[in-house]
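Structure record follows, encoded as structure tokens.
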Amino acid sequence: MSDASSAPLAGFPAFIRFWYSRLAGTSANQMLMVAVGWQMYDLTGSAWDLGLVGLLQFTPALALVLVAGHVVDQFHRARIVLLCMAVQALIALLLAAGSARGWASRELLLAVSVLLGTVKAFQMPAIQALAPLLVPPAVLPRALAFSSMGSQAAIVAGPALGGFIYVAGAPAVYAVCALLFGLSAGLVVGVRYDHAPRPGQTMDLDTLLAGVRFVRQRPVILGAISLDLFAGLLGGATALLPIFAKDVLDVGPWGLGLLRAASAAGAFGLALVLAHRPIERRAGRVLFGSVALFGAAMGVFGLSTSFGLSLAALMVAGAADMASVVIRQSLVQLDTPDAMRGRVSAVNSVFIGASNQLGEFESGATAALLGPVGSVLLGAIGTLAVAALWARRFPALLERDRLVSAPQ
């Protein structure tokens, strides 16, 4: 390992502040979504309305992808993240006031969902495009793994903490969220990096589509993000975990909680390893191997009638998914010029959102036709097929050796 790639992350204070900011912001967002979902169901008792909350958050990201990418490439990225965190703090305060005074309604929660989706349309590409500016390229894969480790910890702990605080009422959860968003914004204020104002670019169609064209012309980037899209779309089974917990494994709500945490625990564990021992060689083959392992693990989960085996399969799937996420994020950021990172990250964010949101819909739809076991097995087979097809379609990605490519 080279001296540069092994430099301690603590030696990059701007990245460490950014890491803490992201940890606070992700925790707040997870708690906020638990509270919004619970409150919506309390108000309406409608599963349809719960689905609308997720849909209304994804739609703005899709609609604003081109504009958000352009903005991230034109302006100071840390300030964009700061503004996004500040707006979310105000949203949390609004919900706290509405819940405390009794005027929180279905319509308010749906409107807030649209606003949150709009904020995240700018926040996600800004965060993705900011990280490469805070560490040298050789350190970036390890930094991304460390960042993913923090995000996974927040994804596990945030909902649990939000549910615990909700016992004191929705206003208490929203108040804590506002404090965490405020802390995140305060930490971002101290993130410094060299930002040279770019010459103003007209926001015309040609400029807005530059990110899409760039991705299409780079087989490594296109292959990486589309492989992740279809693997997540076909192989994910989060929406079906309640059915497996109740009808297949017969473990009840406590078992459901462990099943939901298993994948994140596997991802956290591998992220911890990658933060210290990054992938340095055969990155493309490791990527395809990780996707294949993810599909195989989900196949084992689908066939399992043992709770312990199911937990183990989900942990392996989570670890495999984390490996592919770190490789994909590293390739996308390292192979993209800084002037294009905002627009490319915005495209990547839509792929991630589509994978998560549409993946849950696909799981539910196929489960209605084939049953939960059939749905998971079909998805596992589809994931393995996609890995094989993409290996033939994108040979440059398969043969990619190092994450940090030689200068061209």
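The values are calculated or read from the model by the stated rules, or taken from the named source; none is laboratory data. Values in this document were obtained by computation on a predicted structure and should not be read as measured data. Counting neighbours? That spans all protein chains shown, and the Cβs are built from the backbone with ideal geometry, glycine included.
Before moving on, here are some points about what is shown:
- Residue in segment 98-108 that is at positive phi, part of a loop (DSSP other than H, G, I, E, B) and not assigned by TED's automatic domain parsing to the domain that holds residue 213 present: yes
- Exactly one residue out of 310, 324, 330 is at pLDDT 90 or above, part of a helix (DSSP H, G or I) and polar (S, T, N, Q), and it is 310.
- Subset of segment 269-287 (residues that are surrounded by 23 or more Cβ atoms within 10 Å (Cβ to Cβ) and closer than 24 Å to residue 376 by Cα): 270, 287
- Per the listing 21, 27, 5, the residue uniquely among the small types (Gly, Ala, Ser) and either modelled with pLDDT under 80 or at positive phi (or both) is 5.
- Residue check: residue 74 meets all listed conditions (1) modelled with pLDDT of 85 or more; (2) surrounded by 17 or more Cβ atoms within 10 Å (Cβ to Cβ) but one, namely (1).
- Residue match in segment 45-52 (condition: within 17 Å of residue 342 (Cα to Cα), within 23 Å of the chain's Cα centre (by Cα), surrounded by fewer than 17 Cβ atoms within 10 Å (Cβ to Cβ) and not hydroxyl-bearing (Ser, Thr, Tyr)): no
- Complete set of residues in segment 104-117 that are surrounded by fewer than 22 Cβ atoms within 10 Å (Cβ to Cβ) and within 16 Å of the chain's Cα centre (by Cα): none
- Which listed residue, of 68, 86, 96, 92, is over 23 Å from residue 38 (Cβ atoms), modelled with pLDDT of 90 or more, buried (at least 16 other Cβ atoms within 10 Å of the Cβ) and not hydroxyl-bearing (Ser, Thr, Tyr): 86
- Qualifying positions in segment 81-127 - in contact with a Phe, Trp or Tyr (Cβ under 6 Å, 6 or more places away or on another chain) and among the polar types (S, T, N, Q): 88
- Some residue of segment 133-154 being in contact with an Asp or Glu (Cβ under 8 Å, 6 or more places away or on another chain) and surrounded by fewer than 22 Cβ atoms within 10 Å (Cβ to Cβ): yes
- The number of residues in segment 260-297 that are part of a helix (DSSP H, G or I) and not hydrophobic (A, V, I, L, M, F, W, C) comes to 10.
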